[in-house]
Structures are given as structure tokens and as C-alpha cells.
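Asks: Next up is a structure, given as C-alpha cells.
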Amino acid sequence: MPSTLVRSEREGPVAKRQKLNGVDARKTAPRESRIFTPFRTIGLVSSTPVPFTSIPLGKTSFQITTSVGRCLQTYDLKRGLNLVFLTRPQTPEDITATTAWKDRVFAAWGGSKDAASQGLSVFKRGKEIATLDMPADLAQPIKQILIFGTWIVGCCLTRIEIWKSTTYEHYTTLYPTAAHKGGNELTGGICNMPTYLNKILAGRKDGGVEIWNVSSGKLIYTIMPPAANCGSVTALRPTPALSLLAIAYSEGPLIIHDIRVDKTIIELNGGQSDSKITSISFRSDDLGAGEDGRKPGVMATAGPDNGDITFWDLNGGGRVMGVLRGAHNPPSEAGAVVGGGMSKVEFLPGQPLIITSGLDNSLKSWIFDETPYSPIPRILHSRSGHAAPVNKLLFLPSDSDGADAGGKWLLSAGKDRSLWGWSLRRDGQSTELSQGNIRKKAKKLGILAAPTLANEPSTTLEDLKAPEITCLAMSLNRDGGMGANAGNGAIWQKGNHGNKKPTDATLSGVTGWESVVTGHREDKFARTWFWGRKKAGRWAFETGDGGNVSSVEISPCGTFAVVGSETGGVDMFNLQSGLHRQRYPSKLTPAQARKLKIQQLQAAEGTLELHSKAEKTFTPGLGKHTKSVTGLVVDSLNRQLISCSLDGKIKFWEFGTGNLVDEINWYPMASITGMRYHAPNDLIALTSDDLSIRVVDTETKKTIREFWGCQGAINDFCFSNDGRWIIAASSDCIVRVWDLPTGHLIDAIKMKTQCTALAFSGTGEFLATTCEGEVGVNIWNNKTLFTHVPTRHISENEIAEISGPTVSGEGGQGQISGAFEEEQEDVENSAPAPSIDQLSSDIMTLSLVPKARWQTLLHLDLIKQRNKPKEAPKVPEKAPFFLPSLDKPLPTATVEEKSLDSVAERSRIMKMDRLTSEGAFTVALRSGSESGDYTPFINHLKTLSPSAADLEIRSLNPGTEVESDELVNFVNALTSRLKQKRDYELVQAWMIVFLRLHMDSVSHDERLVQALREWRECQENEGARLGDLVGFCGGVVGFLRSPRT
């Protein structure tokens, strides 16, 4: 609950929000961002090594709970792993262990060296309902929680904590037997054996398994390892058979042990020392083993050192039934950032289903087929996200019919070689864009057939994907949606001419084609994607000069893709046919090459007349960038292509011919590292290695703004949806927002780690950011949709350091939260805003009087006629006999009221006689006629209501002298206002009413006629001037809108 909420102690209805003193609030409140508020984090499923926990709900429904840092997410298996609960509030520290029991979920958090606190919380349906008391001397994280009977057991590194499950009261602490070299560490965790009352088993680092009685706190027995070199215990799991326990050791042995007689029943080789087993599970539906799968006795094992699951048939001494390879990503090499390995594998009770979670941020369910029988399960459901940090973000643009204009979809590319589409409205719609059947390819290549040698470099499933995405572009105008025809050919066909089928282009011309183009790290091919079908496209475009792809762009029409290379080449391809269409600069024909050679020879001999220095001329076929192309832009009409490069040059190409039209050279002042385009205002923003952002007008080729202030390299930047702001993230961990019209730095947010990518939604609702080392995407709300933000320049000490969004959305604010905030005036560093009634005496200015007031004055007669009662008022019905009658009040009261009215009436009349017999309207009009300044009179007339103004205009007195002729003075007042070019619409309305009421007086009053002629002359001159200006503006707008210009 927000800390600013004030609780009322009294009972009754909830009071309105308390208005705090603005000065006091500013002194105590921490600095916040003026524009953005945290909303939530998306893309996290199982991003920590904490194993998931499951609980059955009935016979066929199960809920799976995973940890994503300081929050728990609960998925419903029956709904296809649909997210149903998020725990709130967040835990103060990272969660270290979880378990589900009945309708509750227990989560242990904190306890590490860096953690300030530690605890064990209880959640029910996503809400925290209790917190367990922790021992004062506990300084170790709880790594496993076990609940059985009336006991809650927490396993730490060298101690075991016991609580009562009924009262959540701490009961006792158990300490394993001391041993040298840390042999008493509980590396294998704890478990309980069914039907064994109050007994738990704990696996030690020295290979022993201790049996404790939690009620008496006594050590009952210690099971020794089967051999001296077995290593430490890594996993414990009771089997469906009573008294049998599965024990896994770090050096490979895996045994089934009878704890009642302390005898090993089955001994297996679980693997090598570098692939230890940390998770064991048994199938409990009495099927799956044997040749036909009709026998019980199936065991599954997995570990964090690979992404494989091994299935064992325990009948006849035990054997390996099969290995599900690549169930999750394997761990990456040393120094890599892609997560991998298995964290837990578990069979669901009584079901042919197995649930797995990996360190690759994924949760999957697998099902065993009975007919035909298969010892290896197939995938059933999957929820996952990026397995490595995100490096590129892009909100979907609106397509031609505005179907995706709501800004609900976000594209993200990560270092795990994946491309994801995230839905901000419903998490279940988020999906990874398919790169083909990776598992099928792996089977053909033999990757999933057998394990590779330990010393041999192995090829993993991830190696079959496209390389890491470094740039992407998108246009939905020709996207075919789910009905797009992808053709019958393979994905990502390489080559520009020979091996592409023409039938693909013919079929896609009816249904639409690819809408996403991506460039990849150290790869010379740019790849296409179908957004509607969420899959890889047909084409892989190779750069014309053989260099690696450095930037990509799609034309606004969605037909052409432009690819830039690291060696300076720029090529255009047709997305429908996949063919190469143009090169920038264009390739010369033999005739053009001969002509160019002749011109060069003539220039060398000095016979060719030199062009004027002021005139820029570019030779066809020349002008290629000399270094890596860092940005590409196609204008809205496909007439111009703009490219920038590390060589410090911005080149403007003719889109159709490939000829160089213009060039801006910033070398050696700066090397351009990136470019962004805002189509409505034709502005491009460019970042340079001198840590600046420059804004260039593409029409005039002039630099209109320069923004400085970043203290590190600019990682990413973008325009706001309306083009008013530029948001930039730099390596100094600060996201800055500049206001383009004023050039001011209006907001800045300091984050814990540097922001590596950002994107602004097309609707202006959200800002998406991703930080270094994080696999989730942070979503921020834009407060300016509902509140005003000043454009005052802020200093470095005003930079807001706030916590980012969270998975649960706790601490975040809704989109309309800004509408309920009290606007605080910025007293410091603020100057009084000047009040200007008229910008210039040459500009016709309208008044600030509401439009309804002077329109009502024009139609006051009609309004009175409409509001006139249709029938006479009726006499009220006679009251019942038991109520006093009001028709005949007491005589005394009547006499008193009449006497009071008469006294009040006499005093008012006498007072008016003493003061004056003229109103303020008449006095102001006569004063203006005497002084020649009618401004006070006009200001008074503006304050009158429509009915009062109509009455005053009706009451104008002709008079016999010039000074007392109110009609002439009134017309002169309107004429003077017209000459001042002020209150134009009010002057017209007042003159219409005046002529309507006093038209009879005009015919026999020569002075009034002369005043009206002067007014008409001024009116005609001003009307003609305004007409010329409006016509000129209309012509300019028509010229700009014409497609021929």
C-alpha cells in the first residue's frame, strides 16, 4: 500500500484524499521522475535457481509456483500454464526457497551476506497472510522448505530450523554432527519418508545421510555412503515403495537404499563428476516401465550441468530407458551470459506428466504417449522468456488499418539468439518467433542421438538458431497476419538470384509477406520474419559487398528492405520476391562508366570547367561510405534514403535510382553511431562518439538542436510518439529526456545498472527499458497523458534515483495516476510568466470570452421564446385537513413583513437617489467618449451576462448633443476596438445586436450614419486583409499536400 495514503481512525464512509501542504510535501518526499512512473516487469518465468513447487487441486488440476526474484508466480496447468497469481507484497530480499502446502505457499527470503534481513512468509492466493518468527542467531539462507504432519522444516547450510505448522511458532534448531573440512554442510537437502512419524533425512557433504526426530530433536541414525569416493550427497527423494530412498552423490553413484535395514537395493551410475544429479522424481501412475510401458518403476533425474533428463527403468536392477536431450538450454561456456541447465524435474502425482524448470528462464510440461508407447515424453506446455539479457527493443508500429495501434505489442531481441513478441495486455499471448523445428534439425544432425565426448566441442540446440540479433526494423503495412502465405520453400533462403522460387512471391502477393527484418552479429545475412504467423521468413539477404550486416530498415510501405554493412555498402531488396533491387550508390552502366572516365581525364588535364563551389554535384556511381553504416532511414513517400556511418557523413540518396543527392560531413568532428527518424516532422536524431545528440531537419539539411550531458557512451535513444522529446540511455546509468522545442533537459532517471535498450510506444502510454544483465523488460507509465510537466531545465542534482518496475507491479502506478496528483508549482528557479493580451498590433486577436456567451447574445430572443412556459401555472392542490394551511398566514406576520419590505425598499431608493441615477455601463461609455479610450468600457461590457448586455444595448439613449449621444459613442467604441485588432468576434456580435435593435434610429440620425460608415470602412479593410492571409495559407498547405510537389 502506498505510504502516502492517510488512514482515518473514525468509522464511516471513506473520506476524500487529504490535501497536503505543497511546501512540506516537497521537503519530505523523495525525488521522483517528473514524467515516468514504474509499471511492471515482463518476460520473467523462472529466472532464478530456486526450484518450482507444485500442488494438486483435485485430481486433474495442478498449480505450479516459480520464483522470479522477490515475487512468486503461480501457473495453472489445466489452463495451459496460464498465470493466475502474483504474490504481493514483494519480499524484502530475494527468495531462496519455496514450497506449496494445501492452499498456501511458503517462501524463504534473505539470509545472504549482502541481505539486511531474513524471513519466511506465507502466501495464500497471492496475498501474504503470515510471517514466521526467525531465530535471532540465524545468519544463513534457507535453501529448502519441507512441510509434513504438524512440522515446517527449513534446511540451511549447517542447521535445520523447525516450526509448528498450526501456530507458525518456532520449535527448535537441529545441528548436524560436526566434521572436518565442512563435512557437516547439508548439500543434499532434506526429505521425509511417508509413514515415518516425525522423521526427516538430511544429506551431508561427507556422504552421510542423517535421520532426525524433529519432535525430540535427536539424531537417530546415519546412513553411510556405499563407497569412500562417492562424494557429497546432492539429492534425496523417497520412492513410491515404503522405506526406499533414492540418494545421488556428486561423483556419480545413484542408489536406491532401504533405510529400515540400511541396505542398498539398486546401485546405478548416474553420471560423471561434472554432471551431478540434483533433482530426482518418480512416476506414480504405475505405468511407463518395461518394454510396452505397462510396468511401474520409472525414475527421472536431472542436474544443472546440462539440459538433459535421464529416464530410468528400475525393474531388473535398473537401466536407462531414454534421455530427453535439450529439454532446456545447457549451461554456456565460461564467461557467457546465456543461462542454462536444469533446476528441478518432477512427476505429477498419478499423471503421465512431468514438469521441468531450467536456468534458461523457462517452465515446461511434458507428456508420455501410451499409444504408440514412447519412453521419451513430448512437449505439452511451455512458458519461457529470454535466457540472456535483452539488447534490442521495438514497439510495434500501427499498420494501415490501425489494428495494432493500441501499443500492446513489444518486440525484444536478446543475446540468447531469440526474438520475442510480448503482449502488454495478456501474458499468455506472448510468444517467441519460431526459427523452424530446431529439435528436428538436431535429430538429423545427430545432436540429440548420443552424448558428445567430454573433451569434444559439442553443438547445442542454440547453435542451430540464427546469431544474436543486433538491429531490427518493422513495418506492418504489408503484413499478412495469420493468413500470410509462407510458401513451400525453406526458411531464410540465401542467395540473391538463383535459388529463390518465383511461386513464393506470387502467392504472397495475395496474402501479404514478411514484416520484420533483423541483422545479426558477425553475419553477412539479414533475415526476414513473419509477424502475423510468428515465425521465420523466407529470405536471407546478403550484403552486396560481403561485409557483416550493421543496420537494417524497412520502407514505410512494407515492400522494401534496406541493409547496411560494416564495410559501407547499402543494398535494397524486395520483401515479396526476395530479389535485389538497388545498390547505393547505384552500379554504373558501361556507357556511364566511360563517360565518368572521360570527365576524370578532362578534370586532370584542366580542360573541364569547374563547378561553382556553392553548388553541390555528385557523380553517379560514387559516394559509398568508407566505414560501417550505423543508421538507415526511408522517408514516408519512398523518395529519399538517408544513411549515416562511422565516417562522420550523412548521405541523402534518391530511393529509386540510387544516386547521391546531398551530404552532410561531420568528419573529423564526430563519428555517427546511431540514427532515429520521426516521420511526422521529418526530423532525424543522430548520436556521435563525442557523447552528443544532434537533430537535423531533412528538408533544410540544417542542425536545429544539439543535446549534451551524457557522461558515457549512448547505448540507445528514441523519439517520443509526438516527436517532442528525445529519450537517451547512456553508460553512466542515467536515462535522460530532452524537450525538443525548448532544448531543455526536463527529466532524468538514475538506475542501478546501465540501460542497454529502450523504446517508446506509438500511443505514448509506455516506455520500455532493459538493463544490463537482466532478462526481463521494464515497463514505465507516461504521466504526462494526464498531468502537466513543466519544461524547465533541470540540473544534475535533480536527477531522480528511483527503483525500477517489479514483476508484481508493486510500488508502480497506473496510467491515470497522474490525474489524481496535486499539481505543485515549482517555486524555485521559476520566473513569473508574462501576461500578453496581444502579441503584436499587426495580428488580429480574439477575446478570451467563452464562445457560448456571445453566441447566446446573438440568439437571446430565440432562447427566451423557447424557455417561455407553454401553459399558465396551476393552483396547488389543497392540503389535507390535518396540515396547517399556508394560504392564510397569521395577520401579524403579514403586517411585519410588509413593514419590513417597505422600509427596505424606501432605504434602497433613497440610497440610489443620493449616489447616482446612471449605471456603470453609461458612466464608462461617457468617460470613454470624453477621453477617447474605450478600453475600460469594453472590459466592463465583457463582464456582463448575455441578458444584461442585451438590456444595456437596448437602453442606449440617442441624445441631442455629441457627448450625450450614446448610440454614436457605442459605435465609436466598437470602431476603436476594431482598429486595435482586438476582440474581433465580440465586436461582430455586439454590432449585430446593435443594428437589430436600433435600425430605426439610423435613418434620421446623420451622426450615427457617419459613425457607421467609418466602422464599415474599417471592417472592410480588415476583412480583406484577413481574407488575403487565409488564402495565402491555404495555398501553401495545398501545395505541400499535393503529391506532385
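Asks: Output yes when any residue across the range 621-635 is among the polar types (S, T, N, Q) and under 35 Å from the mean Cα position of the chain (by Cα), and no when none is.
Replies: yes
Each row is one residue, and each column tells you yes or no for (1) at pLDDT 85 or above; (2) at positive phi; (3) surrounded by 14 or more Cβ atoms within 10 Å (Cβ to Cβ).
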position	(1), (2), (3)
Glu963	no, no, no
Leu967	yes, no, yes
Asn972	yes, no, yes
Leu1012	yes, no, yes
Glu1022	yes, no, yes
Cys1033	yes, no, no
Arg1041	no, no, no
Arg1044	no, no, no
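Asks: Is it true that some residue in the range 393-404 is open to solvent by 50 Å² or more (accessible area, probe 1.4 Å), among the aliphatic types (A, V, I, L, M), within 23 Å of Ile277 (Cβ to Cβ) and modelled with pLDDT under 95?
Replies: Checked the range 393-404: no residue is open to solvent by 50 Å² or more (accessible area, probe 1.4 Å), among the aliphatic types (A, V, I, L, M), within 23 Å of Ile277 (Cβ to Cβ) and modelled with pLDDT under 95.
Asks: Here are Asp722, Asp690: which of them is in a loop (DSSP other than H, G, I, E, B), closer than 29 Å to His788 by Cβ and either touching a residue at least 40 places away in the same chain (Cβ under 8 Å) or open to solvent by 20 Å² or more (accessible area, probe 1.4 Å) (or both)?
Replies: Asp722
Asks: I've got another one for you. Could you figure out which of (1) in a loop (DSSP other than H, G, I, E, B); (2) farther than 19 Å from Thr48 by Cβ isn't true of Pro805?
Replies: Checking Pro805 against (1) in a loop (DSSP other than H, G, I, E, B); (2) farther than 19 Å from Thr48 by Cβ, the one that fails is (2).
Asks: Select, from Gly723, Gly674, Gly712, the only residue that is modelled with pLDDT of 95 or more and either within 26 Å of the chain's Cα centre (by Cα) or under 24 Å from Phe395 (Cα atoms) (or both).
Replies: Gly674
Asks: Applying the selection to the range 125-156, what residues are within 22 Å of Leu236 (Cα to Cα) and either surrounded by fewer than 16 Cβ atoms within 10 Å (Cβ to Cβ) or of a type outside the set (A, V, I, L, M) (or both)?
Replies: Answer for the range 125-156, where residues must be within 22 Å of Leu236 (Cα to Cα) and either surrounded by fewer than 16 Cβ atoms within 10 Å (Cβ to Cβ) or of a type outside the set (A, V, I, L, M) (or both): Gln140, Pro141, Lys143, Gln144, Phe148, Gly149, Thr150, Trp151, Gly154, Cys155, Cys156.
Asks: Would you check which residues across the range 207-224 are out of contact with any Pro (no Cβ under 8 Å at 6 or more places or on another chain) and not in a strand (DSSP E or B) and list them?
Replies: Val214, Ser215, Ser216, Gly217, Met224
Asks: I've got another one for you. Could you say whether any residue in the range 237-258 is in a strand (DSSP E or B), within 27 Å of Met342 (Cα to Cα) and open to solvent by 50 Å² or more (accessible area, probe 1.4 Å)? Break it down stepwise before answering.
Replies: Filtering the range 237-258 down to residues in a strand (DSSP E or B) leaves 237-238, 244-249, 253-258.
Right, trim to within 27 Å of Met342 (Cα to Cα) and you get 237-238, 244-249, 253-257.
Now drop any that are not open to solvent by 50 Å² or more (accessible area, probe 1.4 Å), which leaves 237.
So far as the range 237-258 goes, yes, one or more of its residues are in a strand (DSSP E or B), within 27 Å of Met342 (Cα to Cα) and open to solvent by 50 Å² or more (accessible area, probe 1.4 Å).
Residue-by-condition table, conditions (1) over 21 Å from Gly203 (Cα atoms); (2) assigned to a strand (DSSP E or B):
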residue	(1), (2)
Pro92	yes, no
Ala97	no, yes
Ala108	no, yes
Ile129	yes, yes
Ile147	no, yes
Ile162	no, yes
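Asks: Across the range 37-54, what is the number of residues that are among the hydrophobic types (A, V, I, L, M, F, W, C), open to solvent by less than 30 Å² (accessible area, probe 1.4 Å) and part of a strand (DSSP E or B)?
Replies: The number of residues fulfilling the criteria is 1.
Asks: Please go through the range 55-90 and give me each residue that is outside any loop (DSSP other than H, G, I, E, B), open to solvent by less than 20 Å² (accessible area, probe 1.4 Å) and farther than 16 Å from Thr41 by Cβ, ordered by number.
Replies: Passing the criteria: Ser61, Phe62, Ile64, Thr65, Thr74, Tyr75, Asp76.
Asks: Right, here's the next one. Considering only residues that are farther than 17 Å from Pro741 by Cα and of a type in the set (Gly, Ala, Ser), which ones fall in the range 665-691?
Replies: Correct list: Ala670, Ser671, Gly674, Ser688.
Asks: Let me ask you something else. Considering only residues that are part of a strand (DSSP E or B) and in contact (Cβ under 8 Å) with a residue 60 or more places away in the chain, look in the range 652-687 and name the one that is surrounded by the fewest Cβ atoms within 10 Å (Cβ to Cβ).
Replies: Looking at the filtered set, the residue picked out is Leu660.
Asks: Mind checking which pairs have a first residue in the range 990-1008 that is farther than 19 Å from Lys942 by Cα and a second that is hydroxyl-bearing (Ser, Thr, Tyr), Cβ under 9 Å, 6 or more apart or different chains?
Replies: As it stands, the answer is Leu1008/Ser1001, since those pairs meet every condition given.
The values are calculated or read from the model by the stated rules, or taken from the named source; none is laboratory data. Predicted model only: the values in this text are computed from it and were never measured. Cβ: placed from backbone, ideal geometry, glycine included. Neighbour counts: every protein chain shown. Heads up: the accessible areas ignore ligands, DNA and RNA and are worked out on the full protein's heavy atoms, side chains in. Shrake-Rupley method; radii C 1.70, N 1.55, O 1.52, S 1.80 Å.
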